[in-house]
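See below for the structure under consideration.
The values are calculated or read from the model by the stated rules, or taken from the named source; none is laboratory data. From a predicted model like this one, the values you see are computed outputs, not experimental measurements. Note that each Cβ is placed from the backbone with ideal geometry, even for glycine, and that neighbours are counted across all protein chains shown.
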Amino acid sequence: MEPTRSALFIPGNRESWVESAHENGADVIVLDLEDSVPPDEKETARDIVADNVADLHEKGQRVHVRVNGHPNDTEGFTTHDLEAVVREEVEALVVPKTREPEDVARLDAVLTHIERREGLEVGSTELNVSIETAQAMRQVYELCDAADRVATIGCGAVKGTDTNYALGFDWTGPGREGIETVHLREQALMDARAASVEYPLAGTYVDVEDIEGLRKDMQFSKEMGYTGYVAIHPSHVEHANEIFLPDADEVEYWVGALEAMRDAEAEGKSAVRYEGDMIDIANIQTAQRYIGYAQAFEDELGLSIDTDLTELRG
């Protein structure tokens, strides 16, 4: 999956919102068929999303769709969702309320069947697994490892919703203020990284007008290691795009460090001093990750990042 600073939810039953979703400036839009859609509007929402994904993709908008769970969903919504929205223009499915790795494995099997039947590349429909049940929180690594198509997770300290219900915590505030969920967010991040998830997402923030709190939560999420944020309101997108955009000076530092390390390697050295810092192979792995992320946003940074990211010998 490509790096994502902002992923904006759009209710799938709001046709005009879906049609204009590409105008919000989000790296990804998540067309929602789940919680934001009343049960009696699920079919309408499914049709609206299916009718618009190709047009949005043609306009350059990356599109994800949140479905109604996994194929064992008792309401039967999920099966219909998959039949309607698994197509070339949909980059990923957001999978809510997962509990067990078997949920992901079953979904992977169904998607493989649909992709083969429709002539799509097997595995091309990626998965974003939402970490919002207590069972999922205990098994983030296993969930990520359950299928190769799991590309990212979504994990946040969300006031009043599924995460809050699952843990029963008293929400004390955004970012560092919310110490009751720091363990969850760090554990989920560590497990996802261990399963080779490169661009994990934080969020959401439900207090739409509390921009100060939103920015605190985004900044803390970035400092923890999350690389983007899921938003529920268009006004939050610009803040995610700003906060999760790599810093141009830091990009230049890591590019220079990588080049200095390559020069040192050519001289048979395994470490070198660069701008006062002692760097070695361990630092270079950080540089490669940071530069690889930054290359996705060269236009916004006003930089041309042309550097070799292949591994050093070590």
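Listed values, structure above:
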quantity: Candidates Asp27, Asp81 - the one that is surrounded by 21 or more Cβ atoms within 10 Å (Cβ to Cβ), assigned by TED's automatic domain parsing to the domain that holds Val230 and either touching a residue at least 40 places away in the same chain (Cβ under 8 Å) or of a type in the set (D, E, K, R) (or both); calculated: Asp81
quantity: Failed item in (1) among the basic types (Lys, Arg); (2) within 23 Å of Lys97 (Cβ to Cβ); (3) at pLDDT 95 or above, with Lys159 passing the rest; calculated: (3)
quantity: Subset tally (residues that are over 20 Å from His183 (Cβ atoms) and in a helix (DSSP H, G or I)) for the range 220-231; calculated: 0
quantity: Some residue of the range 86-94 being touching a Pro at 6+ places or on another chain (Cβ under 7 Å) and touching a residue at least 24 places away in the same chain (Cβ under 8 Å); calculated: no
quantity: Among the residues listed as Thr112, Thr44, Thr98, Thr4, the single one being among the hydroxyl-bearing types (Ser, Thr, Tyr), closer than 18 Å to Ser130 by Cβ and either outside the structural domain of Ser130 (by TED's automatic domain parsing) or modelled with pLDDT of 95 or more (or both); calculated: Thr4
quantity: Residue list for the range 156-180, restricted to those being under 21 Å from His233 (Cβ atoms) and assigned to a helix (DSSP H, G or I); calculated: Asp162, Thr163, Asn164, Gly175, Glu177
quantity: Residue that is outside any loop (DSSP other than H, G, I, E, B) and modelled with pLDDT under 90, where the choices are Asp306, Asp299, Asp249, Asp217; calculated: Asp299
quantity: Selection count, the range 214-225, where residues are over 18 Å from the mean Cα position of the chain (by Cα) and surrounded by fewer than 17 Cβ atoms within 10 Å (Cβ to Cβ); calculated: 0
quantity: Residue list for the range 33-54, restricted to those being touching a residue at least 40 places away in the same chain (Cβ under 8 Å) and either closer than 20 Å to His239 by Cα or surrounded by 19 or more Cβ atoms within 10 Å (Cβ to Cβ) (or both); calculated: Leu33, Glu34
quantity: Residues within the range 135-154 that are of a type outside the set (S, T, N, Q), within 17 Å of Leu93 (Cβ to Cβ) and not in a helix (DSSP H, G or I), tallied; calculated: 8
quantity: Search result, residues across the range 108-134 that are surrounded by fewer than 23 Cβ atoms within 10 Å (Cβ to Cβ), aliphatic (A, V, I, L, M) and in a loop (DSSP other than H, G, I, E, B); calculated: Leu120, Val122
quantity: Qualifying position, being among the acidic types (Asp, Glu), surrounded by fewer than 14 Cβ atoms within 10 Å (Cβ to Cβ), in a helix (DSSP H, G or I) and in contact (Cβ under 8 Å) with a residue 12 or more places away in the chain, among Glu242, Glu186; calculated: Glu186
